[in-house]
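S.K.: The structure follows.
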Amino acid sequence: MICLGIESTAHTLGIGIVDSKGTVLANAKKSFFPDEGIHPREAAVHHTKHAMELVSLALASAKIDAVDIDLISFSQGPGLSPSLKVGAVVARTLALELKKPILGVNHCVSHIEIGKLKTGVKDPIIVYASGGNTQIIGLSGEKYRVFGETLDIGIGNMIDKFARKVRLGNPGGPIIEKIAKKGKYIDMPYSIKGMDMSFSGLLTFAVNAFILKKEKIEDVCYSLQHNAYSMVVEVTERALSHTGKSEVLLTGGVAASKMLQGMLEVMCTERGAKFNVVPVDVAGDNGAMIAWQGLIEYEGGRRQKMTDTEPNPKWRTDEVEVGY
Ligand code: ATP
Ligand code: FE2
């Protein structure tokens, strides 16, 4: 089977084409990163504008025709409502036009399954670190259980907000990581409550450290990353210990961070656990992960009526049945 997957939860519109073996035939994307942060309606306008051009691009790079597609999948949630609606409309249009089945999938679970496909890991503790989400997850029965998560903003959004407030550009993740390489540690808030994390106090402290206390930007960037990533590593280590699992999978857009990868790797090595990270080309939001999720669910027997394709902006990771 060949599936065309549509990603449109936030900044990125992605069209991916994947076959049943997990070969990524195409992974076209276009992102919208305004200087002042995302406005949901503007993102939807961006996605609407580029949808058909990206579909054509993906088909051309996969070297197939639209009629060769067997299934259409799309991100049904969670995400920004106006952006999600664009993806759903494009998916319905293609499914009706091509007379193919449609399947709305969960964006967060797709980040996990593409990581499993690409690394071959079987039953890991998953560190899902992206713009909007920060969750430490493990499979139990037929659901991914969230052992710990952010109580306020996602780790990537926190870093991006910091970068925007101190005028370093958007998205901030890669920019901050580069600057932080020359930095040294200065004391900053570290906030774990049970197994949950909180990042907004760290954000405010870091902005003030730079703007009011005139600390060096490289030291602020380093310390902000250091504490945010240390919180993630601590919760991950406890999840490994509680569950007895022996593998870790890092996935989501922030998985591109070399510092986070390095810190998790050290913790895993010390515990005798195996560390895996999703390849960078499928770490951030992309259509291929949505196509792959569509395929495994469809081949596992799941079907969806057109009337059930309304987006679900608050669809949580732990609500999805994954008994495929
Ligand atoms: P989700 O809906 O899953 O929360 P998202 O819409 O935020 O996802 P992703 O593409 O999964 O999108 O993640 C984007 C985030 O990844 C941004 O916050 C960006 O700054 C961050 N990021 C990208 N590269 C790096 C890096 N090298 N270091 C740290 N963060 C990074
Ligand atoms: Fe994402």
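S.K.: If you build a Gaussian network model of the chain, linking Cα atoms that sit under 10 Å apart, which residue out of HIS11, HIS226, HIS47 swings the most?
M.R.: Highest fluctuation of the listed residues: HIS226.
S.K.: On to the next question. Give me the extension gain from MET306 to SER20: residue separation times 0.36 nm, minus the current Cα-Cα distance, reported in nm with one decimal.
M.R.: 100.7 nm
S.K.: Once each part is reduced to its C-alpha centroid, what is the distance from the range 183-250 to the range 7-39 in angstrom?
M.R.: Spelled out, the Cα-based centre of one part sits 28 Å from the other.
S.K.: Further, regarding this structure: I need the phi-derived Karplus couplings for the range 312-324: 6.51 cos²θ - 1.76 cosθ + 1.60, θ = phi - 60°, integer Hz, Gly and Pro marked x.
M.R.: Karplus-based 3J(HN,Hα) across the range 312-324 equals 10, x, 10, 5, 8, 3, 7, 9, 8, 7, 10, x, 8 Hz.
S.K.: Mind putting a number on the dipole of the range 143-193 about its Cα centre? Charges go on the C-beta only, +1 for Lys and Arg and -1 for Asp and Glu, and I need it in Debye to the nearest 20.
M.R.: Details: 11 positive and 5 negative charges, 30 e Å.
About 140 debye.
S.K.: Could I have the simple spin-label model distance between GLU215 and LYS63, label points 7 Å from Cα toward Cβ, reported in nm to one decimal?
M.R.: 5.3 nm
S.K.: Also, I was wondering about something else. Wrap a convex hull around the Cα atoms of the range 101-197, take a quarter of its surface area, and give that in square nanometres.
M.R.: 9.3 nm²
S.K.: Follow-up question, since we're still on this one. State the percent of C-alpha pairs, over all pairs in the range 36-125, separated by a distance greater than 23 angstrom.
M.R.: Roughly 36 percent, once rounded to a whole number.
S.K.: Considering amide H positions built from the backbone, and no H for Pro or chain starts, which residues 5 or more places from GLU247, or on another chain, come under 5 Å of its amide H?
M.R.: ILE125, LYS274
S.K.: So what J values fall out for the range 200-207 if you push phi through Karplus, 6.51 cos²θ - 1.76 cosθ + 1.60 with θ = phi - 60°, rounded to Hz, Gly and Pro as x?
M.R.: Whole-Hz 3J(HN,Hα) from phi for the range 200-207: 6, x, 5, 4, 4, 4, 5, 4.
S.K.: At q = 0.16, 0.21, 0.22, 0.23 Å⁻¹, what is the log10 ratio I(q)/I(0) for the range 187-266, with the Debye formula run over Cα points and no solvent?
M.R.: Those come out to -0.66, -1.01, -1.07, -1.13, one per q.
S.K.: On to the next question. Going highest first, how would you order 276-284, 127-135, 89-97, 33-41 by mean Cβ packing within 10 Å?
M.R.: So the order, starting with the most tightly packed, is 127-135, 276-284, 89-97, 33-41.
S.K.: Would you mind telling me the antiparallel percentage of the DSSP bridges in the chain, rounded to 5? Don't skip to the answer; put the middle values down first.
M.R.: Values: 26 of 44 bridges.
Taking every DSSP beta bridge within the chain, about 60 percent pair in antiparallel fashion.
S.K.: Specify which residue in the list ALA255, PHE275, LEU103 is farthest towards the positive end of the charge dipole of the chain, using unit charges on the beta carbon of Lys, Arg (+1) and Asp, Glu (-1), about the Cα centre.
M.R.: My answer, from the dipole projection, is ALA255.
S.K.: I'd like to check one number: the per residue accessible area of the chain, probe 1.4 Å, reported in Å² as a whole number.
M.R.: Details: 13710 Å² over 324 residues.
About 42 Å² of surface per residue is accessible.
S.K.: Run the accessible area of the chain with a 1.4 Å probe and give the carbon-and-sulfur part as a rounded percent.
M.R.: Carbon and sulfur: 54 percent of the exposed surface of the chain.
S.K.: Expressed in whole Å with the largest first, what are the equivalent ellipsoid semi-axes of the range 253-295 derived from the C-alpha gyration tensor as the square root of 5 times each eigenvalue?
M.R.: 25, 13, 5
S.K.: Pop out the ³J(HN,Hα) list for the range 65-74 in order, Karplus 6.51 cos²θ - 1.76 cosθ + 1.60 with θ = phi - 60°, rounded to Hz; leave Gly and Pro as x.
M.R.: 9, 4, 5, 7, 6, 9, 8, 10, 10, 8
S.K.: Next question, about the same structure. Please work out the FRET efficiency for the pair SER246 and VAL280, using the Cβ-Cβ distance as r and a Förster radius of 22 Å; give the result to the nearest 0.05.
M.R.: 0.35
S.K.: What percentages, rounded to whole numbers, describe P(r) for the range 122-280 computed over all alpha carbon pairs with 5 Å bin width beginning at zero?
M.R.: 2, 10, 20, 23, 20, 13, 7, 4, 1, 0, 0
S.K.: Would you work out which of VAL266, HIS242, ILE176 lies farthest towards the positive end of the dipole of the range 122-280, given +1 charges on the beta-carbon of Lys and Arg and -1 on that of Asp and Glu, about the Cα centre?
M.R.: It is ILE176.
S.K.: Another question, then. Only four residue types carry charge here, +1 at the Cβ of Lys and Arg and -1 at the Cβ of Asp and Glu. Report the dipole size of the chain about the Cα centre in Debye, rounded to the nearest 20.
M.R.: Approximately 480 debye in magnitude.
S.K.: Along each of its three principal axes, how wide is the spread of alpha-carbon positions in the chain, in whole angstrom units, largest first?
M.R.: So the three principal-axis extents are 60, 44, 32 Å.
The values are calculated or read from the model by the stated rules, or taken from the named source; none is laboratory data. Model, not experiment: these values are computed from the prediction. Neighbour counts are summed over all protein chains in view; Cβ atoms, including those assigned to glycine, are modelled from backbone coordinates with ideal geometry. The accessibility values were calculated without ligands, DNA or RNA, using every heavy atom of the protein model including side chains. Shrake-Rupley method; radii C 1.70, N 1.55, O 1.52, S 1.80 Å.
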